[in-house]
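Here, each number is a calculation from the coordinates, and none is a lab measurement. Just so it is clear, the model here is predicted, and its values are computed rather than measured. Because the Cβ atoms are built from the backbone with ideal geometry, glycine has one as well, and the counts that use them run over all protein chains shown.
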Amino acid sequence: MIRIDFGEKAMDFDAPLTVYEAAKAAELASRDVLAAKVDGKAVALTYTLEKSAAVQLLTFADAEGAHIFNHTASHLLAQAVKRLYPQTKLTIGPAVEGGFYYDFDSDIPFTPEVLAALEGEIKKIAKENLRIERFTLPRDEALSLMREREEPYKVQLIEELPEGEEISFYRQGEFVDLCAGPHLFATGLVKAVKLTQCTGAYWKGDQKNKVLQRVYGTAFPTKEGLAEHLAALEEARRRDHNKIGRDLEYFTTVDVIGQGLPILLPKGARVVQLLQRWVEDEEMKRGYLLTKTPYMAKRELYKISGHWDHYLDGMFVLGDPDDETKECFALRPMTCPFQYQVFLNRARSYRDLPMRLGETSTLFRNEDSGEMHGLIRVRQFTISEGHLVLRPDQLEEEFRGCLELAKYCLGTVGLLDRCTFRFSQWDPANPKNKYEGTKEQWEVAQETMGKILDDLGVTYSVGIDEAAFYGPKLDIQYKNVYGKEDTLVTIQIDMLLAQRFGMVYTDKDGEKKYPYIIHRTSLGCYERTLAYLLETYAGALPTWMAPTQVRILPIGEEHLAYCDELRAKMEAAGLRVEVDDRNETIGKKIRNAQLEKLPYMLVIGDNEVHDHTIAVRSRKEGDLGAMTLDKFIADLLLEVAEKRK
RNA sequence: GCUGGUGUAGCACAGGGGUAGUGCAGCUGAUUCGUAAUCAGCAGGUCGUGAGUUCGAAUCUCACCACCAGCUCCA
């Protein structure tokens, strides 16, 4: 007798049976059920239940169900590729968020035409509704099966599997793939597949390895599901900062200036200025000292900091880096070695600490040419840089202060909701030249940081080999509308560089000691922040940061004088206002202002001039009716002061 | 840097071996209008850049540049 607990109900059975049979008996089997979890482990519906277990049935709505579904879709893709291009070698094909991919070693390029043909073949395979069967083999038989099928990458994967690990395969029709699974029970469940693109990807993600062809796709159990997904993608495209940022004239790029060097147009520049002033003021309130340091320095500075050894590829060097007989300069990729000089300006006592240094700092990084992306990844950018020089006993409190400031800034602009935290650590296995310092130093730094994060109750993921070369980081990661993640804010603990720079303070006991340093940003890089703001608000920035807050729309030219009067009063109150004095209809002026996503429009005609009022229109709520200018200004100033979203 | 795609006026798009069109935007004029496009006229492009093939290239070939997606790398 075995007892199967489905959560909502439980049933007893005499003999072993499959999950599907059990679900059917319990009247829980439906078309939507794709797979199951048995005692927490994902399995196919054909999995045989031999003993009592808790079973959770998975549908496409469950993240794990969708994952299994996409994974099976990747096998359909691989099968289609093998049918149409049998000489292709299989590598790996996992499910990813929102879809799947499969990496192939193939001589033919996967052009859009090829992808269309593959989609056709996938449909056929789905129609054939092949059973998907799992089987395991001992290592030697697994190897000979894959050798026989001439799949060298699979052979390598098997060889790398740890001893004693079960080696499982999945078969559907003539197609067999080495795979941990689980999978759906038949190909027919995959009703809608779209192959979205083909790109290059290195075998095992290593640049030294062969470039494989990665085919991305997305799959759904219904055609409607796919249609909805494509519509959502379309919506995401409408919010893309790279599109609306250019359309609404926040920024542009120019071929002759170069890659990764965007121009901030007046609107973009205004928003960045507003953010910078605000962040600088917030930092001043928190005891930061403002610095202004040079954009470049001699090679010798970077030799001390370690950038010359660890970051040379990322720097713009002016002069011949190898000619030691001549001066050689480099643009700064980070502010640290410059700001340290402020501390080094004179002898420091423990009373000087914590010393919080802040700077709106422009940096230059020579990114690889394929890396640039709109305002998100650029070669010159400006960040709210800061370095805190501390006694060890101040580390936790100051770290907390940095985290609170970052959360306050991100929360205020409205980006915090989409952020996650990542504890970025070094990789002890990484080649020596990537990280500075000893194993012991890294362990101390990471342990300290881990303890602080736990004390502060931060929920984080761990990123191995994501650390800076001088220390571990807490990275605040932002996920954009397409689901792609980038770092917005970073807070780093550095126990190494003070020593390299000879930064010491005299402690209470008269001893000279090395301080700890926190590297941190408040809001991250302004270009990237602007990009995410445009995306988050679909171009309709909150009033407090909108480049223009109010546009006055005169109906006829006889109203212009009154409009100018209104503008002067609002400008005197500190608002950003303009008058649309073009010879256009009021409908056209409203339409333009709406399309430009201006927060407020004032429609001014005979009535308003006569009554000494204004007719207010909000971009969100439309016509708000007549009110006095004084009330409007008061309301608006409050909205701005509160930084309302 | 690597893989694939794209590049025609400020923007959205046609066209395509015989030296370029449409709509919007712009300019000029008329119109003076009440909550998302008034009408008319004008002007605007060495078809991303450079080389090659050709009697002739925006169209074919190659190289380069930029943009997009992904890989790798990072804020």
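Brief remarks on what is shown
- By other beta-carbon atoms within 10 Å, ranking A:SER106, A:SER305 with the fewest at the front produces A:SER106, A:SER305.
- Other residues with beta-carbon under 9 Å from the beta-carbon of A:LEU290 carry, at +1 per Lys or Arg and -1 per Asp or Glu, a net charge of -2.
- In this label model, A:MET11 and A:THR222 are separated by 2.5 nm, measuring between points 7 Å along each Cα→Cβ vector.
- When the Cα convex hull of chain A is projected onto planes of every orientation, the mean area is 39.0 nm².
- The lysines whose alpha-carbon is closer than 29 Å to the alpha-carbon of A:LYS124, local same-chain residues fewer than 8 away aside, are A:LYS24, A:LYS82, A:LYS89, A:LYS154, A:LYS191, A:LYS194, A:LYS223.
- Summarised as an ellipsoid, region A:238-395 has semi-axes of 31, 25, 12 Å, derived from the eigenvalues of the Cα gyration tensor scaled by 5 and square-rooted, with the largest first.
- Relative contact order, whole percent, for region A:561-645 stands at 19, derived from Cα pairs under 8 Å and 6 or more residues apart.
- log10 of Debye I(q)/I(0), alpha-carbon scatterers only, for region A:2-59 at 0.15, 0.17, 0.18, 0.25 Å⁻¹: -0.32, -0.42, -0.47, -0.98
- Environment charge of A:LEU261, counting only residues whose C-beta is closer than 14 Å and scoring Lys/Arg +1, Asp/Glu -1: -1
- Two-site label geometry, A:ILE586 and A:HIS612: point separation in nm, points 7 Å out along Cα→Cβ: 2.2 nm
- What you get for region A:383-430, charging only the Cβ of Lys and Arg (+1) and of Asp and Glu (-1), is a dipole of about 180 debye around the Cα centre.
- Distance between modelled label sites at A:GLU404 and A:LYS512, nm, 7 Å Cα→Cβ extension: 3.5 nm
- To the nearest ten degrees, helix A:223-239 and the longest principal axis of the Cα atoms of chain A are 20 degrees apart.
- Theoretical ellipticity at 222 nm over chain A - DSSP helices of four or more residues, -39500 (n - 2.57) apiece, nearest 500: -10500 deg cm²/dmol
- Net charge dipole size for region A:351-475 [Lys, Arg +1 and Asp, Glu -1 on Cβ; Debye, nearest 20]: 280 debye
- Nearest-20 debye value, region A:506-645 charge dipole, Cβ charges on Lys, Arg, Asp, Glu: 820 debye
- Ordering A:LEU416, A:ILE464, A:THR187 by Cα displacement along the dipole of chain A toward the positive end leaves A:LEU416 in first place; charges were set at the Cβ atoms of Lys, Arg (+1) and Asp, Glu (-1).
- Added length on full extension, which subtracts the Cα-Cα distance from 0.36 nm per residue, A:GLU119 to A:TYR350: 76.4 nm
- Given their separation in residues at 0.36 nm each and the Cα-Cα distance between them, A:ASP623 and A:SER461 gain 53.6 nm when the chain is fully extended.
- Relative contact order (percent, whole number), region A:270-536, Cα cutoff 8 Å, 6+ residue spacing: 22 percent
- A:ARG332, A:ARG286 arranged by Cβ crowding within 10 Å, fewest neighbours leading: A:ARG286, A:ARG332
- Within the shell defined by Cβ-Cβ distances under 11 Å, the residues around A:THR18 carry a net charge of -1, with Lys and Arg each +1 and Asp and Glu each -1.
- Taking all Cα pairs closer than 8 Å and separated by 6 or more residues, the relative contact order of chain A comes to 9 percent.
- Among A:211-218, A:344-351, A:114-121, the order from most to least packed when residues are scored by Cβ within 10 Å on average: A:211-218, A:114-121, A:344-351
- Partners of A:LYS512 within straight-line reach, counting aspartates and glutamates whose Cα lies under 19 Å from its Cα and excluding those fewer than 8 residues away in the same chain: A:ASP352, A:ASP393, A:ASP494.
- Rounded D (µm²/s) - region A:270-536, Kirkwood Rh over Cα pairs, Stokes-Einstein at 20 °C, 1.002 mPa s: 112 µm²/s
- Residues listed by number, region A:60-96, amide nitrogen under 20 Å from A:ARG147 label point at 7 Å toward C-beta: A:89-91
- Added length on full extension, which subtracts the Cα-Cα distance from 0.36 nm per residue, A:ASP322 to A:GLU160: 54.1 nm
- Residues of region A:281-308 with an amide N closer than 11 Å to a point placed 7 Å from the Cα of A:THR362 along the Cα-to-Cβ direction: A:295-296.
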